[in-house]
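A.B. asks: Please read through the structure below; I'll follow up with questions.
Just so it is clear, none of the values below were taken in a lab; they were calculated from the coordinates. All of these numbers come straight from a predicted model, not from anything done at the bench. All Cβ positions, even for glycine, are placed from backbone atoms using ideal geometry, and neighbour counts span all protein chains on display.
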Amino acid sequence: MKKTKVYLLIILSLMVVSTTLAQDPHFSQFYNNPVYYNPAAVGLSPGMRARFNIREQWPQLPGDLRTYTFSMDIAERNIPGSGGLGLIVMSDNAGSGYMKTSTVGLSTSVRVPLQENMVTQVGIMTSFVQKRLNWDNLVFTDQLNPVYGNIYESSFQAPDNGSVFYPDFATGGIFRFTESSNTFSAIQGTFGLAVHHLFRPNESFLGLTSPLPRKLAITGDLILEIDGGGDKLYFQRQESNNASFKFNPGFIYEQQADFKTYAVGVNILKSSIYTGVWFRNRTTELTKSNDLIFLLGINAALSSTTRMKINYTYDFVLTEIRTVTGCSHEVSIILELDDFNIFHNLRKNSGFGFSNRNFRSRAELECTPF
């Protein structure tokens, strides 16, 4: 029992060291947190999107290892070239009272139609980050006894500064196309690339130089719709969700310093019910997968242009560390309002806050959302 406690302390210390080395939080439902991964996703779909995500990492370990994000983005089609505006607020806890990171970010994007069924967006995000560290709760190696655990006083002298504050910047681009075929009534492909921590801000608590490593995020997915109807490729109608059968294969690749990971899988929507299976790995060897991820959710239509989505994922850890850490949980709640807009439609007054989508060019139209 005493050895088990020592192991837990060591694992927790390693986790804190890993956080100090600035590996950004990751989400299994990256597709439900697009603004966090790529500022170019702001305003990519019409209307307004509000998303709340919570991830509980390794619940069997002591401490509160949770990450919360709230994001909102609003598309703006009435200003030529405008993609939209976005906001993201994040709180990341690395252990109960050990390290807490708070982030507020503002994003904007520029929309560039290529053809009538292709569009690109480029976005930037400016964030303000505060990291707080409670030195009193940390356990150092000179405090540990191999038999009795944490019984010694540490020789480490904690500095007076327990927090750091810095601005941070990210940029990204997204390409989206829509198409149809004899097999699928609608095909939508979205591919994105983003670079975070462009100027590598210094996050040292000790007054030293500790630049935050840049992070590369590459994402891609396809929405394949069967029996959705020909015009549903261009005009959103929530009623088609019950009539259509949608496959959504996708992937994400992340790299930050020496840490690399990728996830691939597929989600399925039928009769307003989401299911999905994904796996995450750090190597190209499929036999050494780290996590097998299961998704279950609901797409509840509130009206023809408004819906709420609730999704839950369970990360089943495939390695032996599962017996100590447990498996992770993640929940996302999304509210979508397709007709919401900031400004009056300049061609036809349809009331403040809502626009008439019939005045968009076909290059800016999206197929029904997944």
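A.B. asks: Highest mean first, what order results for 294-302, 191-199 on Cβ atoms within 10 Å? Kindly include the intermediate steps, with their values, before the conclusion.
C.D. replies: Working: 294-302: 16.6, 191-199: 18.4.
The densest-packed peptide leads the list: 191-199, 294-302.
A.B. asks: Related question: Starting from the stretch 20-120, pick out the GluC sites (Glu not before Pro) whose DSSP state is loop and whose Cβ has at most 13 other Cβ atoms within 10 Å.
C.D. replies: When the GluC sites (Glu not before Pro) of the stretch 20-120 are filtered for loop state and at most 13 Cβ neighbours within 10 Å, E116 remain.
A.B. asks: Only sites in a loop by DSSP and with at most 14 other Cβ atoms within 10 Å count here; which chymotrypsin sites (Phe, Trp or Tyr not before Pro) in the stretch 63-162 make the cut? If you can, show how the numbers build up before the last one.
C.D. replies: Numbers: sites: Y68, F70, Y98, F128, W135, F140, Y148, Y152, F156; in loops: Y98, F140, Y148, Y152, F156.
Of the chymotrypsin sites (Phe, Trp or Tyr not before Pro), the ones in loops of the stretch 63-162 whose Cβ has at most 14 other Cβ atoms within 10 Å are F140, Y148, Y152, F156.
A.B. asks: When you count, for each residue, the other Cβ atoms within 10 Å and take the mean per peptide, how do 175-184, 333-342 rank with the highest first?
C.D. replies: 333-342, 175-184
A.B. asks: If you don't mind, there's one more thing I want to ask. Going by amide H atoms built from the backbone, whose H comes under 5 Å of the H on G326, apart from near neighbours?
C.D. replies: Those qualifying (amide H under 5 Å, at least 5 residues apart or on another chain) are Q60.
A.B. asks: Okay, next question. Each residue of the stretch 257-269 in turn: what ³J(HN,Hα) in whole Hz from Karplus with 6.51, -1.76, 1.60 and θ = phi - 60°, glycine and Pro shown as x?
C.D. replies: So the J values, rounded to whole Hz, are 6, 8, 8, 10, 8, 9, 9, 9, x, 8, 10, 10, 10.
A.B. asks: What are the residues whose amide H is under 5 Å from the amide H of S109, where those residues sit 5 or more places off or on another chain and H is modelled from the backbone?
C.D. replies: Answer set, sorted by chain and number: G83, G84.
A.B. asks: On to the next question. Give me, ordered by chain and number, the residues 5 or more places off D291 or on other chains with an amide H under 5 Å from its own placed amide H.
C.D. replies: Long-range HN contacts for D291: R280, L318.
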